[in-house]
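S.K.: Sharing a structure with you now.
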Amino acid sequence: AIKGFVFDLDGVITDTSVFHSQAWHQVADKVGVKWDDTLADALKGISRMDSLNLILAKDHKENDFTEEEKVALATEKNDNYLKLVNQMTPANILPGIQAFLEDLKAQGYLLSLASASKNSPLVLKKLGLSDYFTKSVDPASLKHGKPDPEIFRRGAEILNLDPAACIGVEDAAAGVQSINGAGETSIGIGDPQVLAAADINFTDTAQLTLANIKAALD
Ligand code: BG6
Ligand code: MG
């Protein structure tokens, strides 16, 4: 039986995936890499430095910058991103999410956060949602980022649960792959073609209810 939920943050709980994209788009323009939707999707769930390397590799520019210059570009992206995060309020919680978290808590499920973002504690605080999550995986402690299963495996472990007793919720293909690799049931939120590997697909967060999940698992 399912006892816990392991949540991604950006693009699942809140609309920050749009902010990450906006902030990276500015960096891509600066280094002369053409931005498109496929690149934006490929960056979802991917750590800060891995994202920068993916952007540069798109136009074979990965060797055009020193490590120091790369760190400066990643810092510039994060500064762009933080300007957007600092304007966030609970109005940035995606539709249905607060009610879903409330319901999960009332039904006794354990909740953890498996976000690749080092900014996730700040984002949760801005949304007023910090108290829903018993534990969070510290992304700085990971050896491998998504799509590696490590982060979702740890998301179950910190709740003292077997992965098979957990459902992972993601908006990124890399994240769904991580959930599946960890041996959890995967829910993909967004384009079902991009997230075809998920056990359950919902096109948006408003569909995320226990009743819909139970119906999909039957
Ligand atoms: C993920 C986002 O949650 O966190 C990615 O989907 C982002 O877009 C990654 O790059 C790392 O975030 P941060 O805040 O540590 O740069
Ligand atoms: Mg995400």
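S.K.: Specify the angular offset, from 0 to 90 degrees and rounded to the nearest 10, of the alpha carbon long axis of helix 173-182 from the longest principal axis of the alpha carbons in the chain.
M.R.: Relative to the chain, helix 173-182 is tipped by roughly 50 degrees.
S.K.: How large is the direction-averaged shadow of the alpha-carbon convex hull of region 8-67, in nm²?
M.R.: One quarter of the hull surface, i.e. the mean projection, equals 4.0 nm².
S.K.: On a full-extension model of 0.36 nm per residue, what is the gain between Lys125 and Lys83, subtracting their alpha-carbon distance, rounded to one decimal in nm? Don't jump to the answer; show the numbers that get you there.
M.R.: On the way: separation 42, 0.36 × 42 = 15.12 nm, distance 1.53 nm.
Full extension from Lys125 to Lys83 adds 13.6 nm.
S.K.: Rounding to the nearest 10 and keeping the result within 0 to 90°, find how far the Cα-based axis of helix 16-31 lies from the longest principal axis of the chain.
M.R.: Rounded to the nearest ten degrees, it is 10.
S.K.: Against the longest alpha carbon principal axis of the chain, how many degrees, from 0 to 90 and to the nearest 10, is the axis of helix 97-106 turned?
M.R.: 40 degrees
S.K.: Let me ask another. In debye, nearest 20, what is the charge dipole magnitude of region 160-218 about its Cα centre with +1 on Lys and Arg Cβ and -1 on Asp and Glu Cβ, if you could check? Show your work: numbers first, answer last.
M.R.: Details: 1 positive and 8 negative charges, 14 e Å.
That gives a dipole near 60 debye.
S.K.: Residue farthest toward the positive end of the dipole of the chain, with Cβ of Lys/Arg at +1 and Asp/Glu at -1: which of Val71, Ala91, Phe133?
M.R.: Phe133
S.K.: Further question on the same structure: Rounded to the nearest 20 debye, what is the charge dipole size of region 57-179 about its Cα centre when +1 sits on each Lys and Arg Cβ and -1 on each Asp and Glu Cβ?
M.R.: Working: 14 positive and 18 negative charges, 60 e Å.
Result for region 57-179 is approximately 280 debye, rounded to the nearest 20.
S.K.: From the Cα trace of region 99-191, what convex hull volume per residue do you get, rounded to a whole Å³?
M.R.: Taking the convex hull of the Cα positions in region 99-191, it is 99 Å³ per residue.
S.K.: Would you calculate the separation in nanometres between label points at Glu102 and Ala206, each defined as 7 Å from the Cα along the Cα-to-beta-carbon direction?
M.R.: Simple spin-label model gives 1.7 nm for this pair.
S.K.: Using only DSSP helix segments of four residues or longer, with each worth -39500 (n - 2.57), what per-residue ellipticity at 222 nm results for the chain after dividing by its residue count and rounding to 500?
M.R.: Calculated mean residue ellipticity at 222 nm is -13500 deg cm²/dmol.
S.K.: Please identify every one of the trypsin sites (Lys or Arg not before Pro) in region 67-165 that sits in a loop by DSSP and has no more than 12 other beta carbons within 10 Å of its own beta carbon.
M.R.: Of the trypsin sites (Lys or Arg not before Pro), the ones in loops of region 67-165 whose Cβ has at most 12 other Cβ atoms within 10 Å are Lys143.
S.K.: Compare the Cα positions of Val123, Gly155, Leu110 along the charge dipole of region 107-159 (+1 at Cβ of Lys, Arg; -1 at Cβ of Asp, Glu; about the Cα centre) and return the one farthest towards the positive end.
M.R.: Val123
S.K.: I've got another one for you. Only four residue types carry charge here, +1 at the Cβ of Lys and Arg and -1 at the Cβ of Asp and Glu. Report the dipole size of the chain about the Cα centre in Debye, rounded to the nearest 20.
M.R.: 460 debye
A short reminder: the numbers here are calculations on the coordinates, not readings from a lab. Small disclaimer: the values here were computed from a predicted structure and weren't measured. Glycine also receives a Cβ, built like all others from the backbone with ideal geometry; neighbour counts cover every protein chain displayed.
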